[in-house]
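Read the structure below first, then the notes.
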Amino acid sequence: MLPITKFLVFSAVICFGHAEVELQQGKNQTVGFKGDELSILIENRGQKGIVQLCFQSTPDSVNTFCPAGYAEVLIHMTPNQNDETFRLDRRGQIYSSQHKPTIGGSVVFQSDGTIDVLVAGMPSGVSVRLLNAVIPVTTTTVSAFEKKESSDNTAMIGIICGVAALILVLIVIGCVLAYF
């Protein structure tokens, strides 16, 4: 393998091989994670406000900031609070080394272990990243289409017409040359 090829493969693995998802405000994201805890890093650049996280819950769950069917977690940020890592375990409990926020509702995981996460609101200058999360790739099985037998032999008719036109052109050219 050429050195440039090795470099490109190595670069692709480094760029796309890490397990981290950055959440965007207002965009629902289905994520999975290995192990018992999902690591949630909230990066604050000196802002004051509330980060409103929503996690998949039961359909009858209703909260103030999250849409129906989501449990809400409100995390208060202060200007002197830089980064804080929270952990969400498989039992639906969230905690960090500094404090334990309350969850409005029960967090429910899907049967395959994935969960829907939504950032309903956050101050500007704050970002939310899921450090050990992966976006699951859904695969679907599609049956191959059946090849339709052509009852009208369109290709054969086109070839015969083309050959007949070529023979006709050659006859006309022959007659014109014989006349002069």
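What to note about this one:
- Among the residues of the stretch 81-111, those identified as polar (S, T, N, Q) and within 23 Å of the chain's Cα centre (by Cα) are Gln110, Ser111.
- Lone qualifier among Ile94, Ile135 - being surrounded by 17 or more Cβ atoms within 10 Å (Cβ to Cβ) and of a type in the set (Val, Ile, Thr): Ile94
- Every residue from the stretch 123-174 that is of a type in the set (Val, Ile, Thr), farther than 30 Å from Leu38 by Cα and either at pLDDT 75 or above or over 24 Å from the mean Cα position of the chain (by Cα) (or both): Thr154, Ile157, Ile159, Ile160, Val163, Ile167, Val169, Ile171, Val172, Ile173
- Of the residues making up the stretch 39-55, those that are crowded, with 23+ Cβ neighbours inside 10 Å and either within 18 Å of Gln98 (Cα to Cα) or polar (S, T, N, Q) (or both) number 3.
The values are calculated or read from the model by the stated rules, or taken from the named source; none is laboratory data. Being a predicted model, the structure only gives us computed values, none of them experimental. Ideal geometry is used to build each Cβ from the backbone, glycine not excepted, and the neighbour counts take in all protein chains shown.
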